[in-house]
Amino acid sequence: MILSLVRLARRAVGLIEIALFVGLIAFTLFAHVAPLSGRQLFIVGGGSMEPSIPLGSMVIVTPTDAMTIGVGDVVTIRADNGAVVTHRVSQVVDGPDGRFFELRGDANDGPDGGLVPARAIVGAADQYVPYAGYAQKFLSTVPGVVTALAVLGALLLTYLVLEMLESTTPTISSEAREPIRP
C-alpha cells in the first residue's frame, strides 16, 4: 500500500515537473519568436478592456495598414508621450489631414479624449493570452528566474527522494502473508 502511494506520488511530481518545464520553454519560445515574425507583444496594464481582454493579458499586435482598420477593431497605439494603449475603434474619421480614430475601452463609459492619428497605430491587437503578461513580467526579473529555477529544483529533489524511498520500501511477499502455523 505504502509502496504504491510513493510510486504514485513520484509519478505525479515527475509529471508536474515535466509540464512546468515544457510550459516555461514554450512560453519563452513564444515570447522570443513572436517578435521575429513581425508581431509585437504588449502587457495590458489596466482594466479598460475588460472583460474582452483581462488585466494582465499579453496582446499580440500585428502591424496593420491604417486604411484597413474599421469600427470594432481592437488596436494598439503609441501616443505622442510614449504611452501604449490597446482600445477598440469606435469611429473612423477621414479628413483633409488624413485618417483619425476615436478609441474607447470596452469597460469605459465613453470614448477616449481626442482623435488618434493613423501614424500612432502600432497595429491590430487581434489575439491575446489571458494573464500571460503577469508571467512575462515576473520571468523577466532576476527574482522571477531564480524562483522558477528553485521550483524546478525542488520538484526534482522531491522526485529523487521519492524514487529513493520507493526503492528502499520493502515489499510484502506472498510468503510473508501466510499465517504462521505451529
Checklist outcome for this item: Only one of Gly123, Gly105 is on the phi > 0 side of the Ramachandran plot and surrounded by 14 or more Cβ atoms within 10 Å (Cβ to Cβ), namely Gly123
Item to check | Ser90 vs. criteria of a type in the set (Gly, Ala, Ser) and within 19 Å of the chain's Cα centre (by Cα) | outcome: no
Checklist entry - Can you name the condition, by its number, that Val6 falls short on among (1) loosely packed, with under 12 Cβ neighbours inside 10 Å; (2) not assigned by TED's automatic domain parsing to the domain that holds Tyr131? => result (1)
Checklist entry - under 24 Å from Asp80 (Cβ atoms) and in contact with a helix residue (DSSP H, G or I) (Cβ under 8 Å, 6 or more places away or on another chain) - does that describe any residue in the range 100-111? => result yes
Checklist entry - Does Ile69 satisfy the condition of being touching a strand residue (DSSP E or B) at 6+ places or on another chain (Cβ under 8 Å), surrounded by 15 or more Cβ atoms within 10 Å (Cβ to Cβ) and within 25 Å of Gly95 (Cα to Cα)? => result yes
Checklist outcome for this item: Scanning the range 126-153 residue by residue, those of a type in the set (A, V, I, L, M) and surrounded by fewer than 14 Cβ atoms within 10 Å (Cβ to Cβ) turn out to be Val142, Val145, Val146, Leu149, Ala150
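The values are calculated or read from the model by the stated rules, or taken from the named source; none is laboratory data. Just so we're clear, the structure is a prediction, and the values are computed from it rather than from any experiment. No Cβ is skipped: glycine too gets one built from the backbone with ideal geometry, and neighbour counts run over all protein chains shown.
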